[in-house]
1. Report yes if G350 is under 28 Å from L94 (Cα atoms), within 15 Å of the ligand (Cβ to nearest atom) and either at pLDDT 95 or above or assigned to a helix (DSSP H, G or I) (or both), otherwise no.
2. Does segment 216-235 contain at least one residue that is acidic (D, E), touching a strand residue (DSSP E or B) at 6+ places or on another chain (Cβ under 8 Å), in contact (Cβ under 8 Å) with a residue 24 or more places away in the chain and within 15 Å of the ligand (Cβ to nearest atom)?
3. Hey, any hits in segment 144-155 for a residue that's part of a helix (DSSP H, G or I), within 17 Å of A298 (Cα to Cα) and not acidic (D, E)?
4. Which residue, of A184, A194, is in a helix (DSSP H, G or I), within 15 Å of G239 (Cβ to Cβ) and touching a residue at least 60 places away in the same chain (Cβ under 8 Å)?
5. Filter segment 123-148 for residues that are among the polar types (S, T, N, Q) and within 24 Å of Y383 (Cβ to Cβ); which is surrounded by the most Cβ atoms within 10 Å (Cβ to Cβ)?
6. Condition check: closer than 22 Å to R125 by Cβ, more than 15 Å from the ligand (Cβ to nearest atom), among the small types (G, A, S) and surrounded by fewer than 24 Cβ atoms within 10 Å (Cβ to Cβ). Does G198 satisfy that?
7. Among the residues of segment 244-253, are any touching a residue at least 60 places away in the same chain (Cβ under 8 Å), assigned to a loop (DSSP other than H, G, I, E, B) and either surrounded by fewer than 24 Cβ atoms within 10 Å (Cβ to Cβ) or within 13 Å of the ligand (Cβ to nearest atom) (or both)?
8. Tell me yes or no: at least one residue of segment 378-400 is closer than 15 Å to L85 by Cα, acidic (D, E) and in contact with a Leu (Cβ under 9 Å, 6 or more places away or on another chain).
Amino acid sequence: MSFVSHVECTICGHRHDAKRVLSVCEQCGQMLAVRYDLEQVNKHVTKEALRARPPGMYRFRELTPLDEDETPVTLGEGSTPLLALRRLAAHFGLRHVWGKDEGQNPTGSFKARGLGMAITLARARGATGFVIPSAGNAGGAAAVYAARCGLPCAVIVPRGTPPAAIAEAAIAGAKVFTIEGSIATAGKVVAKVAPQIGWFDLSTLKEPYRLEGKKTMGLELAEQLGWTMPDVLLYPTGGGTGLVGIPKGYEELRAMGWVGDPLPRVIAVQAEGCAPVVKAFHDGADTTAAWENPTTHAAGLRVPSPFAGRQMLKILRDTGGDAVAVSERAIQDAQRLLGRLEGVWTSPEGAALVAALGVLKERRDISADARVVLVLTGAGIKYDPPPLPPAVDLAGSDDDVVAAVRGALGV
Ligand SMILES: *Cc1c(COP(=O)(O)O)cnc(C)c1O
């Protein structure tokens, strides 16, 4: 049974029929969001029933847009661990820091949740192929879920996209195109090509279902924290699907009476070389302006004109949040710090949160006993590593080798 009541424009409120193929609002062109009959959901599922279900994001089936009896296109995404980062917390003089390790998803990033859901729904509504502009991970995930349901996929990424994401799309049989510029340039091509060839346009938040996949992070976080919310949530912000999606999940749980706390302070973290949300937030603007010459090796943050700028800024302001930009150098240092202290090799985007935590603590913007969650969106192994000490090569006699090992270890 589906509990979707309708699909609604997040700006003008215009209602759309959820059974139709949907992209953006037909009235004003803004982002759509799925709405549920939460009273009915509450009658059909309990916290106890949920606990007994197998892992994965479809545990929360009643709060997904899946049609009755629909089998999702899945590779087992979701149910990622919420890791207590005690040594990292101590490093910053904090007591409660967790990392939601989204790098453990299929495809090595949380894009698996969004694209798995978007492709499940688009296929159910009759899509025969997919086109997606991407900074890397979204294209890889789209290709993988398209392969999983036997439909063709075309991925357009900027030149310089991390090779693992390109390989991931290619090995799943997608056609991959590169283009000069950023995801914004790729998006313009997709907007022209998709209607001509009749394939579904999976651009970030230009259809309402990717958000529902990302939302499941919020549902999981609430459950993993014993049906409470953290005080502070740091999110590495590109297109903002999780920044908008996680609070959406919390709001639905709150409307159902499953959690009582106010929303956490949401903190958008971006790279100094591409920080349209940070700039708009501090300028007091209602929406973001296109960022010229975006540069950062955190590919997922290289989004110069996010479609949901308006919605993100509202959430940051409504929750008393903030927006912080960090340097490339700080991201690399933070990536090594998290690896060394916790054994988690997170992506540069996730590492940006660790860098931002240092900034916020220094400014005394986070109290020592605040409960802080970092959304570690992807696995570091999908990117070129930061500069690291080289491996020590061993050669010569057994004695030479042993001496070299002891010398290098200093023991
Ligand atoms: C896409 C991506 C981001 C940015 O996510 P948005 O929802 O677009 O803001 C952050 N980290 C990684 C690893 C990503 O792939």
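1. On the way: under 28 Å from L94 (Cα atoms): yes; within 15 Å of the ligand (Cβ to nearest atom): yes; either at pLDDT 95 or above or assigned to a helix (DSSP H, G or I) (or both): yes.
So G350 fits the description; yes.
2. At the first step, the residues of segment 216-235 found to be acidic (D, E) are 220, 223, 231.
Filter once more, keeping what is touching a strand residue (DSSP E or B) at 6+ places or on another chain (Cβ under 8 Å): 220, 231.
Checking which are in contact (Cβ under 8 Å) with a residue 24 or more places away in the chain leaves us with 220, 231.
Filter once more, keeping what is within 15 Å of the ligand (Cβ to nearest atom): none.
There is no residue in segment 216-235 that is acidic (D, E), touching a strand residue (DSSP E or B) at 6+ places or on another chain (Cβ under 8 Å), in contact (Cβ under 8 Å) with a residue 24 or more places away in the chain and within 15 Å of the ligand (Cβ to nearest atom).
3. Filtering segment 144-155 for residues part of a helix (DSSP H, G or I) gives 144-148.
Restricting the remaining residues to those that are within 17 Å of A298 (Cα to Cα) gives none.
Checking segment 144-155: not a single residue is part of a helix (DSSP H, G or I), within 17 Å of A298 (Cα to Cα) and not acidic (D, E).
4. Values: A194 fails: within 15 Å of G239 (Cβ to Cβ).
Selected residue: A184, the only one of A184, A194 that is in a helix (DSSP H, G or I), within 15 Å of G239 (Cβ to Cβ) and touching a residue at least 60 places away in the same chain (Cβ under 8 Å).
5. Looking only at segment 123-148, we keep the residues that are among the polar types (S, T, N, Q), and these are 128, 134, 137.
When the remaining residues are screened for being within 24 Å of Y383 (Cβ to Cβ), the result is 134, 137.
Working: S134: 32, N137: 34.
Top of the filtered list is N137.
6. Values: closer than 22 Å to R125 by Cβ: yes; more than 15 Å from the ligand (Cβ to nearest atom): yes; among the small types (G, A, S): yes; surrounded by fewer than 24 Cβ atoms within 10 Å (Cβ to Cβ): yes.
It is true that G198 is closer than 22 Å to R125 by Cβ, more than 15 Å from the ligand (Cβ to nearest atom), among the small types (G, A, S) and surrounded by fewer than 24 Cβ atoms within 10 Å (Cβ to Cβ).
7. Checked segment 244-253: no residue is touching a residue at least 60 places away in the same chain (Cβ under 8 Å), assigned to a loop (DSSP other than H, G, I, E, B) and either surrounded by fewer than 24 Cβ atoms within 10 Å (Cβ to Cβ) or within 13 Å of the ligand (Cβ to nearest atom) (or both).
8. So in segment 378-400, the residues closer than 15 Å to L85 by Cα come out as none.
Among the residues of segment 378-400, not one is closer than 15 Å to L85 by Cα, acidic (D, E) and in contact with a Leu (Cβ under 9 Å, 6 or more places away or on another chain), which makes the answer no.
The values are calculated or read from the model by the stated rules, or taken from the named source; none is laboratory data. Being a predicted model, the structure only gives us computed values, none of them experimental. Every residue, glycine as well, gets a Cβ built from its backbone with ideal geometry; the counts of neighbours run over all protein chains shown.
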